[in-house]
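A.B. asks: Mind having a look at this structure? Questions to follow.
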Amino acid sequence: MDLGLKSILGIALLSALMGCQDAPGTAVEFGDAERKQLGRLSPLGDVPPDPTNRFADDPNAARLGHWLFFDERLSLDGQVSCATCHVPTHAFSDPKSLAKGMGLGERHAPSLINVAYGRWFGWGGRADSLWMQALGPLENPLELGGHRDLIADLFHDDPDLKRAYETTFGPLPNESDVTASDEVFVNVGKSIAAFERLLVRGNSRFDQFAAALASNRSDGIEALSDSEQRGLHLFLTRANCTQCHLGPNFTDSEFHNTAAPPHPEGRRDDPGRFQGIAHVQGSEFKASGIYSDDRNGTTANRVQHLVKSSDSFGAFKTPSLRNLAGRAPFMHQGQFEDLDAVLHFYDTREGASVTSHHQEQILAPLRLSPSELSDLHAFLGSLEGAALDPSLLVPPAGPSLSD
Amino acid sequence: MKPHALILLLLSACGGAEALDASAVVEQDSNAANFVLSVRHTPAVMPLNAEFEVRFQLLDMEGRALDVEVEDVSVDADMPEHGHGMTVFPSVRREGSEYVAGPMLFHMSGRWEVYVDVRRGAVTERAQVAWTLD
Ligand SMILES: [Cu+2]
């Protein structure tokens with residue numbers, strides 16, 4: 001072997017060794033497979049663009065949306081707003097199990113933190129964009145129960161709203177125009193979506209740990225306690241959680257049937273994704289529709305290619321596991337009061353609903369020890385991101401940035 | 001062992017390096033051995049939970065392009081161990097000598113089987129390849 005080759009080999013060996021080095025001081029060893037998974041879970045990164053909404057990142061639109069999110073005048077009885085169910089101090093979710101607006105709903109109102117990272121919206125994915133999603137509750141008789149004509153009237157009657165609208169979208173369409181209220185309605189959705197894109201909480205203690213481990217720094221490893229590190233290791237390995245809770249927001253944005261037992265007052269035969277597909281494909285507000293700003297884009301194409309099969313019956317969207325604190329109860333009917341109840345269900349599969357035909361074959365009882373369960377619980381607590389700007393939790397001074 | 005093979009081995013000792021070459025081609029006989037499915041790995045590593053396209057050629061047993069219309073070719077994928085398929089169904093188009101199927105979406109890690117069905121007259125014959133995403 002000549003000298004040149006030897007030195008190449010030497011360098012290769014050295015770099016191989018360095019690459020394998022354990023980060024100092026982890027409570028459990030994180031091997032290559034675990035590290036690879038960690039790289040997919042962290043950091044959260046920027047909110048992905050939404051080309052179907054050209055106002056998605058427009059500050060004027062976000063300000064109007066912020067105002068509308070809290071505006072009860074959009075509802076039929078003037079008493080319900082988005083914030084009625086998506087309570088800002090409750091991680092923009094609902095302390096109640098089943099949502100109650102103008103009437104009692106069939107599902108639990110999920111948290112809106114990091115919602116803009118999703119691919120589908122609603123437990124059954126009834127919408128393919130945030131702005132399309134926002135239009136549902138406005139007219140749903142059990143939620144705000146409003147109507148697009150009345151919403152358009154409101155913009156004509158309130159000079160502040162009219163001014164805010166025109167700053168972003170141009171002249172408010174004439175009411176005699178047949179498409180006027182649809183146009184205003186869609187822009188209301190696009191404004192609210194722009195606001196929702198600001199509800200982001202990343203950079204948790206877990207992210208600090210993952211960054212330290214990725215760069216083999218000891219500085220940052222202490223962001224997770226030993227118990228949290230053990231819980232993380234379980235999460236990635238034996239507990240199988242990353243089969244579905246994967247990617248930077250701890251969700252695959254897809255749908256699974258966990259067969260969680262229904263809430264006593266809840267529906268037993270909710271079709272979940274099965275109905276969600278039919279809804280999104282049939283809607284005039286989908287990404288390929290005339291109100292979309294990207295009718296031939298990825299999202300539009302995806303909707304056309306959805307598989308319609310009975311497999312999706314009773315499947316619900318995988319929720320993010322970031323920022324779980326202060327947003328109980330959990331699951332699509334809020335059937336679990338707290339995190340321990342959720343973990344107990346995954347651990348034992350006790351009460352798994354027998355009416356669902358297509359439960360996931362990968363969900364077998366985990367049978368963890370009590371200390372493993374408490375490690376897992378501890379780890380989930382490390383996913384709390386930096387707090388939101390408090391001004392997002394209350395209505396703004398007015399619908400325009402200049403107010 | 002050849003020296004450069006040794007270097008490669010050392011570099012991949014941590015298992016961190018992605019093993020597949022971008023130009024890797026997998027050839028697989030169809031189930032009744034009437035045609036050959038030749039799949040090009042693009043992208044080299046199937047992305048987890050992100051849409052991608054799969055490119056392939058269909059050849060007869062002598063290695064010539066199979067005489068089949070694009071309408072008669074369909075593609076699907078399943079996770080046999082999990083008992084489910086993809087959440088999207090891909091369309092197939094033709095680009096020169098290649099067929100391109102998309103969108104494909106492997107939303108979970110684990111073993112995926114990709115099926116290419118070719119219909120000729122009354123007979124549909126399948127060729128399949130498997131990929132494991134970790
Ligand atoms: Cu699977």
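Coordinate-derived values only; no laboratory data. The shown structure was predicted, so the numbers you read here are calculated from the model rather than taken from an experiment. All Cβ positions, even for glycine, are placed from backbone atoms using ideal geometry, and neighbour counts span all protein chains on display.
A.B. asks: Could you run the Karplus curve 6.51 cos²θ - 1.76 cosθ + 1.60 with θ = phi - 60° over segment A:77-85 and give me ³J(HN,Hα) per residue in whole Hz, x for Gly and Pro?
C.D. replies: 9, x, 10, 10, 10, 4, 6, 4, 9
A.B. asks: On a 0 to 90 degree scale, rounded to 10, what angle separates helix A:339-348 from the longest Cα axis of chain A?
C.D. replies: 60
A.B. asks: Is there a quick way to get the dipole size of chain A? I mean about its Cα centre, with the Cβ of Lys and Arg at +1 and of Asp and Glu at -1; what is the value in debye to the nearest 20?
C.D. replies: 920
A.B. asks: Same structure again: Using alpha carbons only, how many degrees (0 to 90, rounded to 10) separate the axis of helix A:205-214 from the longest principal axis of chain A?
C.D. replies: Compared with the principal axis, the helix lies near 40 degrees.
A.B. asks: Okay, next question. How far apart, in nm, are the 7 Å Cα→Cβ label points at residue A:147 and residue A:176?
C.D. replies: Each label point is offset 7 Å from its Cα along the Cβ direction, giving 2.2 nm.
A.B. asks: Rounded if a/c is under 1.5, else prolate if a/b is larger than b/c, else oblate: which is segment A:82-144, with a ≥ b ≥ c the root eigenvalues of its Cα gyration tensor?
C.D. replies: Since a/c reaches 1.5 but b/c is at least a/b, the shape of segment A:82-144 is classed as oblate.
A.B. asks: Right, here's the next one. Among A:210, A:279, A:184, flag the residue with its Cα farthest along the positive direction of the charge dipole of the protein assembly as shown, charges on Cβ as +1 for Lys/Arg and -1 for Asp/Glu.
C.D. replies: A:210
A.B. asks: Quick check on packing: order A:300-310, B:24-34 by the mean number of other C-beta atoms within 10 Å, highest mean leading.
C.D. replies: A:300-310, B:24-34
A.B. asks: Right, another one. State which entries of A:96/A:162; A:36/A:317; A:96/A:317; A:36/A:308; A:286/A:308; A:96/A:286 exceed 26 angstrom in Cα-Cα distance in the structure shown.
C.D. replies: In this structure, A:96/A:162; A:36/A:308; A:96/A:286 exceed 26 Å between Cα atoms.
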